[in-house]
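Read the structure below first, then the notes.
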Amino acid sequence: MPDQQRRRTRIWWLSGILAILGAGIAMFAAMELFVVTLVTVGLAVIVTILLGSVLAEADK
């Protein structure tokens, strides 16, 4: 049971981080900060992969 709770907590954290990164991407793109937008997109891709990994592990 603690493992399931820890996994659920990781899913919530990663989802929250992904939402914040999405808002950052929109904000940086609106301010035309191209390099910062690309770095933020790269971070969002990494967080998306981590989230997919946690969700796949939870699906087992």
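What follows is calculated from the coordinates using simple rules that are stated; it is not laboratory data. Predicted model, so just to flag it, every value in this text is computed and none were measured. Virtual Cβ from ideal backbone geometry, glycine too; neighbours counted across all protein chains shown.
Roughly how many nanometres apart are two label points built 7 Å out from the Cα toward the Cβ at residue 53 and residue 13?
1.3 nm
Please state, to two decimals, what the Cα-based radius of gyration of the chain comes to when divided by 2.2 N^0.38 Å (N = residues). List each step's numbers first, then the result.
Values: Rg = 13.9 Å, N = 60, 2.2 N^0.38 = 10.4 Å.
Normalised Cα radius of gyration, the chain: 1.33.
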